[in-house]
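Enquirer: If you scroll down you'll find the structure; I have some questions about it.
Derivation of every value follows stated rules applied to the coordinates shown; laboratory data play no part. Note that the coordinates shown come from a computational prediction; the quantities given were computed from them, not determined experimentally. Using ideal geometry, Cβ is built from the backbone for each residue, glycine included, and neighbour counts are taken over all protein chains shown.
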């Protein structure tokens, strides 16, 4: 294992420019770990939260390697590993290691075997997004055909997935996007009502469309700019799920705000939904079924070399992308 090994190191908390392309020592797997030579790395908003030091479930201190998801080939296995063998193509997420690197040692029980018909790029672009959509749509609250849901940032990576999957479930999909171009794009994904939240008041538009009755669930990944408005859109006993903070953390508000309509709020994260190995594998199975469906649209905005991670983060933070960004070591 004398091969060259490198990573994008977060040298201090801050903007994209704090990441530095650096050589590193080859990881040595422990007895329950495998060495993965990475072939593609997914870029997700959580990578940015960690790099910037935005409050999260775990905030490493610099220097560290950001990233939560990648795909690669098993090159070496520890003596107690039984789940995979050398040569297997695997993917993993939220495994307690940074992913912006060429090689990584990962606990074998965190790995999922990748079906041969799926490309590295599609898995890197879609695995975390589809896994996230799976628990949001299938595990948070029972949703029946005809139920009304609101999806913010619907042109983004996870937004695209949520819109398409929600329509397959027979839901009535309300969506927001930040430009007329994005609005038109989200319409092509099947959303029933798409609102440009920069030129229209999404609260009043939804009230108008629903005759003031509101919607059952809001899938909220924007945070500060839209969260309080999202609460106004809910029907009595409605649920607001905040799973991202692209515009910043949701600001403090009075709990009594929820009282008049008996509203529910949740702030889940994928990490807890895949903590159990059995849950990880079952969710991954359904995720691969979605990713393997060629009619399920999953746009890749750009495929960049790992050393251009700074550019990748700048693209994602600008919120100008309509799809995923993938890094190639």
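Enquirer: Restricting to Cα pairs below 8 Å that are 6+ residues apart, what does the relative contact order work out to for the range 141-267? Please round to a whole percent.
Expert: 20 percent
Enquirer: At 0.36 nm per residue, minus the direct Cα-Cα distance, what do residue 293 and residue 251 gain on full extension? Give it in nm, one decimal, please.
Expert: Gain on stretching residue 293 to residue 251: 11.2 nm.
Enquirer: Additional query: What share of the DSSP beta bridges in the chain is antiparallel, in percent to the nearest 5?
Expert: 55 percent
Enquirer: Would you compute the Debye intensity of the range 1-121 from its alpha-carbon atoms alone, equal scatterers and no solvent, and pass along log10 I(q)/I(0) at q = 0.09, 0.12 Å⁻¹ to two decimals?
Expert: Here the Debye-derived log intensity ratios amount to -0.24, -0.43.
Enquirer: Tell me, how many Å apart are the Cα centres for the range 221-242 and for the range 146-183?
Expert: First find each Cα centre; the distance between them is then 15 Å.
Enquirer: Right, here's the next one. Can you quote the Å³ per residue value for the convex hull of the Cα atoms in the range 54-193, rounded to an integer?
Expert: 164 Å³
Enquirer: Tell me the angle of helix 277-291 to the major Cα principal axis of the chain, expressed in degrees between 0 and 90 and rounded to the nearest ten.
Expert: Its long axis makes an angle of about 70 degrees.
Enquirer: Before anything else, pin down the relative contact order of the range 1-95: Cα pairs under 8 Å, at least 6 apart, normalised by residue count, whole percent.
Expert: 30 percent
Enquirer: What is the list of residues in the range 24-59 whose amide nitrogen lies under 13 Å from a point 7 angstrom out from the Cα of residue 75, following Cα to Cβ?
Expert: It comes to 24-29, 34-40, nothing else.
Enquirer: A further question on this structure: So which residue, out of 228, 144, 315, gets the largest mean-square fluctuation from a GNM of the chain using Cα contacts under 10 Å as springs?
Expert: 144
Enquirer: Multiply the residue gap between residue 22 and residue 187 by 0.36 nm, knock off their C-alpha separation, and tell me the result in nm, one decimal place.
Expert: Computed gain between residue 22 and residue 187 is 55.1 nm.
Enquirer: Along the principal axes of its C-alpha atoms, what lengths does the range 141-267 span, in descending order and rounded to whole Å?
Expert: Largest first, the range 141-267 extends 39, 31, 25 Å along its Cα principal axes.
Enquirer: In whole Å, largest first, what are the principal axis extents of the Cα atoms in the range 197-279?
Expert: 45, 26, 25
Enquirer: Angle check, please: helix 120-138 long axis (alpha carbons) against the longest principal axis of the chain (alpha carbons), in degrees 0 to 90, nearest 10.
Expert: Its long axis makes an angle of about 40 degrees.
Enquirer: Radius of gyration and Dmax for the range 91-172's Cα atoms, expressed in Å?
Expert: 15.3, 46
Enquirer: For the Cα atoms of the chain, what angle does the longest principal axis make with the long axis of helix 157-168, in degrees from 0 to 90, nearest 10?
Expert: Between the helix axis and the principal axis of the chain, the angle is about 60 degrees.
Enquirer: Given only helices, namely DSSP H runs of n ≥ 4 each adding -39500 (n - 2.57), what is the per-residue ellipticity at 222 nm of the chain, to the nearest 500 deg cm²/dmol?
Expert: Using -39500 (n - 2.57) per qualifying helix, the result is -8000 deg cm²/dmol.
Enquirer: Over the chain, what is the relative contact order in percent, taking alpha-carbon pairs closer than 8 angstrom and at least six residues apart?
Expert: Value for the chain: 18 percent.
Enquirer: If I take R0 = 51 Å and measure r between the Cβ atoms of residue 119 and residue 264 in this structure, what FRET efficiency does the formula 1/(1 + (r/R0)^6) give, to the nearest 0.05?
Expert: The value I calculate is 0.85.
Enquirer: What FRET efficiency would be calculated for the residue pair residue 209, residue 88, taking the C-beta separation as r and a Förster radius of 45 Å, to the nearest 0.05?
Expert: 0.35
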